[in-house]
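Working notes, beginning with the structure itself.
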Amino acid sequence: MRENSDIDPAIPLRARNGDSKAFAELVEFFHVRCLRYARYMLGDEEDAEEAVQDTFVRVYDHLGQFRPDARFEPWLFRILANRCRTSRERRRRRESLVVTGELPVVAASVASIAPEASRDVMEEVEAALECLPTEQREAFLLRHVEDLSYEDMAVITGVRLSALRMRVKRACDALRTRLQEEK
């Protein structure tokens, strides 16, 4: 499912040194993946777009803090994961204060995720993902949708490798159970 995530390591460094074209390359290269991740984490198109936009603003503002010896992808996804957590918490607080009834969930673009999958199957998968605890959903998406290594996931989340492996396993077990119940 992962697109080619091997960006030339010189591009983030050029962006860090003030090259606006290099920053634009970073945004172009990672935007689709970031938006997909945010859609799954937040379940809402507008919130996802806002989180991604905010992520790239923060990346731009903090490029000076990016270590030249580090990989850009985990650094970027750590910022995005934090923005998604903040957005979910803000929404949770807002919804606990205001009773809005059933809110529609805007599905992620089926074509960009799995063009051959039927809409019904994708809706079942998205519903199952939404039922996962945030930590499990985050770990599952980073591992199985974004195809990141556990080491990169640890950088992004700040969680130990063993805990991440357990979160992914529990997420897979819960998804498998939920999707089998749907049949």
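The values are calculated or read from the model by the stated rules, or taken from the named source; none is laboratory data. Note that this is a predicted model, so its numbers are computed, not measured. Note: ideal-geometry Cβ built from the backbone for every residue, glycine included; neighbour counts use all protein chains shown.
Brief remarks on what is shown
- Taken over the stretch 44-69, the criterion of being among the aliphatic types (A, V, I, L, M) and within 20 Å of S20 (Cα to Cα) is satisfied by V52, V57, V59, L63.
- For the stretch 149-175, residues that are closer than 17 Å to T134 by Cβ and of a type in the set (D, E) total 1.
- Listed by position, the helices (runs of 4 or more DSSP H) inside the stretch 20-136 whose residues that are buried (at least 20 other Cβ atoms within 10 Å of the Cβ) and either at pLDDT 95 or above or among the acidic types (D, E) (or both) number at least 2 are 20-42, 45-61, 72-97.
- Filter pass, R165 being charged (D, E, K, R), touching a helix residue (DSSP H, G or I) at 6+ places or on another chain (Cβ under 9 Å) and at pLDDT 90 or above: yes
- Any hit, the stretch 148-169, residues being in a helix (DSSP H, G or I), surrounded by 19 or more Cβ atoms within 10 Å (Cβ to Cβ) and polar (S, T, N, Q): yes
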